[in-house]
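The values are calculated or read from the model by the stated rules, or taken from the named source; none is laboratory data. Note that the coordinates shown come from a computational prediction; the quantities given were computed from them, not determined experimentally. Cβ coordinates were reconstructed from backbone atoms using ideal geometry, including for glycine residues, and neighbour counts include every protein chain displayed.
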């Protein structure tokens, strides 16, 4: 009996109900999309911040008076299997001569792993080709200033000399970074080690670590423990800016999303309240037929919950899709759907519709005769 | 007559009208708050990004190749070109002078260091002395007063134990790695030597930067100039400027632009146009954007602004929904009144005008209240997040009022049309 009446009730005023359903659905969609986005924002933003480059540098402990360290630590770093670690690139800096014997120019040669550098220094502008092979032996990349001073271009040969050793290379690409890198020649680590006779050594290792300040501090702790004989330092400039910005952007997003959640709930509340006030005639009829106030109220509360649930489920699904679309547009990666969004949105919508049905309490005072007289 | 009816309707149902106005006020408040915040967010975040430090590097043109690792130049003093320190004030006379947050000249001198009484013995250590400004007052030409700048502005993330050196004093700050290696602490004296010249410097603090400066000695620019015999000169300048993220327009070659486009480019704070203006003022320099900072900043700024605009779009949508829903409900409640008006011979236009007038009045009222409340909300949000309240934008008032009126109109038009189409008799009978 209850269900049949409820069903009739819903069917009879399908037009208004459809409107209310649309309002609840769009409200839920907005809520779900923003909640999902808000939850995923930290993740997305910390990934974005990695475009700023290395934020941890490992170098020999200064008091040890050693200028280089053993590259075996790179295996140990990858053995840590930290998912936060985006890239780790060793660098061996040597001051070599570029060009033939009589026209030699002193230049800083940086030996590194090109595949890791490509992942870490996304801001490099390269004319020509990136080198993708870690063990590349015949090609090198040169900074833009080096290229200008020595008249180099992609495809041209470059001879590097260090003492009596020589490395004939071919320029693969010209790097523009606007910083020190413009004045350096980049070769693979193995070539620099052979040239300088420092087999298995590196001057420093740069790491790019993703995550909030806490994850970052944890990582530094772990690395310091793992390599007590080395100095593990944050790149202050990057780490400080990252922490600050992340906090700001998250605060901003959270504040705005909170305001919108409140507003959307109130919008849904207003719609259902309007619906409830329209029910005066039905209440009058039910009471005239002998229904108690409590019974009558049950119908309308059930109606409100039904709208809230239906709109909430529909809206939450639409909202997840919306969040995914926004994620693709803004961050060019999908936003991970968070399941917690679903119950929260649903609860919010049901609560709002129930609150909207509150004016029905006033209907308890409704006297059927007045209603039917049209007063 | 018209006004009397509207006023009358407010007097008869003050509570209901108040509720509608409240919903409208709420909607406009959220719209105003999010709009004020999002319009400011680019500027605020650009300023926050300055904690990354400099984004422009200015070396001399036609220089020999610097032997540079991580921003420290290891060339001997004799080779390479230098720039005059006296020109620097001109940087604050360019078109975008207010966007120049700070600048710092550097002069790196390779030195031999002898520690006064120390664990390092008598063996001289090789290091680099970086001459620079910490907090230096630069006179600005053409009556511009003076401008305080230095690494306090361009490298705010450097962490110091002790105190910075005083400008022009025979003091210095040691890089943390260098201090650790030599065991020198603040308060001790060191002797630095370059060629024939030498200086005694008092160590005032230990700085940690996470870069190559950790291996060096940082001293006032005057000291480095004396030591290298390059009075009034520097070799490298770092500039921190507020810039607009690069877009396809700014990446075009200014030489190939039409005069109108060129003016637009020149008058936008793109990193390329600021570089161009700096080059006009400082002869003999080259201005390079530090891509690590500029690219990263541009990328993050673009994404965050896009995100905030989308969120603001959602806020406007939510506000519109709330307002439209309330407006629609008020119209539906008045079906009987409309029936009566029709029975008394009012035309559709008159009824429509009457209701819209009423809605607009409510929208105006709620809108003004909402605008005020929204500004307060934006202030709270701005203060909490950035420590600065967003700029007061009067232009937002007509915008949000227009939005409120427009949404209220759309929200009430649909139900209004349905009701006006009804016959008067059944409505009045209460059917």
- Is at least one residue of segment B:112-133 more than 23 Å from residue B:188 (Cβ to Cβ), modelled with pLDDT of 90 or more, assigned to a strand (DSSP E or B) and over 26 Å from the mean Cα position of the chain (by Cα)? no
- Item | Odd one out for residue A:44 among (1) away from chain B (no Cβ under 11 Å); (2) surrounded by fewer than 23 Cβ atoms within 10 Å (Cβ to Cβ) | (1)
- Query: How about segment B:309-319: which of its residues are within 7 Å of another protein chain (Cβ to nearest Cβ) and either touching a helix residue (DSSP H, G or I) at 6+ places or on another chain (Cβ under 6 Å) or modelled with pLDDT of 85 or more (or both)?
  - Reply: B:310, B:311, B:314, B:315, B:318, B:319
- Note on the structure: Over segment B:143-161, the set of residues buried (at least 23 other Cβ atoms within 10 Å of the Cβ) and more than 14 Å from every other protein chain (Cβ to nearest Cβ) is B:149
- Message: Out of B:322, B:346, B:306, I need the residue that is farther than 30 Å from residue A:244 by Cβ and without any contact (Cβ under 8 Å) to a residue 24 or more places away in the chain. Which one?
- Response: B:346
- Report yes if some residue within segment A:69-80 is part of a strand (DSSP E or B) and either modelled with pLDDT under 90 or surrounded by 22 or more Cβ atoms within 10 Å (Cβ to Cβ) (or both); otherwise report no. yes
- Task: Can you confirm whether segment A:332-344 contains a residue that is in the same structural domain as residue A:356 (by TED's automatic domain parsing), in contact with a helix residue (DSSP H, G or I) (Cβ under 6 Å, 6 or more places away or on another chain) and free of Cβ contacts under 8 Å to residues at least 12 places away in the same chain?
- Result: yes
- helices (runs of 4 or more DSSP H) contained in segment A:209-328 and holding at least 1 residues modelled with pLDDT of 85 or more, more than 14 Å from chain B (Cβ to nearest Cβ) and surrounded by 19 or more Cβ atoms within 10 Å (Cβ to Cβ): A:213-226
- Task: Report the residue count in segment A:329-349 for those that are within 15 Å of residue A:264 (Cα to Cα) and modelled with pLDDT under 85.
- Result: 0
- Message: Exactly one of these conditions fails for residue A:162: (1) surrounded by 20 or more Cβ atoms within 10 Å (Cβ to Cβ); (2) within 28 Å of residue B:235 (Cβ to Cβ); (3) in contact with a helix residue (DSSP H, G or I) (Cβ under 9 Å, 6 or more places away or on another chain); (4) in contact (Cβ under 8 Å) with a residue 60 or more places away in the chain. Give me its number.
- Response: (1)
- Of residues in segment B:67-76 being part of a loop (DSSP other than H, G, I, E, B) and more than 8 Å from every other protein chain (Cβ to nearest Cβ), the one nearest to residue B:297 (Cα to Cα): B:75
- The condition of being in a helix (DSSP H, G or I) and modelled with pLDDT of 85 or more holds, among A:42, A:46, only for A:46
- Item | Test result for residue A:109, under 20 Å from residue A:205 (Cβ atoms), within 14 Å of another protein chain (Cβ to nearest Cβ) and out of contact with any helix residue (DSSP H, G or I) (no Cβ under 9 Å at 6 or more places or on another chain) | no
- Considering only segment A:165-190, state which residues are surrounded by 23 or more Cβ atoms within 10 Å (Cβ to Cβ) and part of a helix (DSSP H, G or I). A:180, A:181, A:182, A:183, A:189
- Item | Pairs, first within 14 Å of chain A (Cβ to nearest Cβ) and surrounded by fewer than 17 Cβ atoms within 10 Å (Cβ to Cβ) in segment B:268-296, second modelled with pLDDT of 90 or more and in a strand (DSSP E or B), C-beta under 8 Å, six or more apart | B:286/B:58
- Hey, among the residues in segment B:32-66 that are out of contact with any strand residue (DSSP E or B) (no Cβ under 9 Å at 6 or more places or on another chain) and more than 9 Å from every other protein chain (Cβ to nearest Cβ), which one's modelled with the lowest pLDDT? B:62
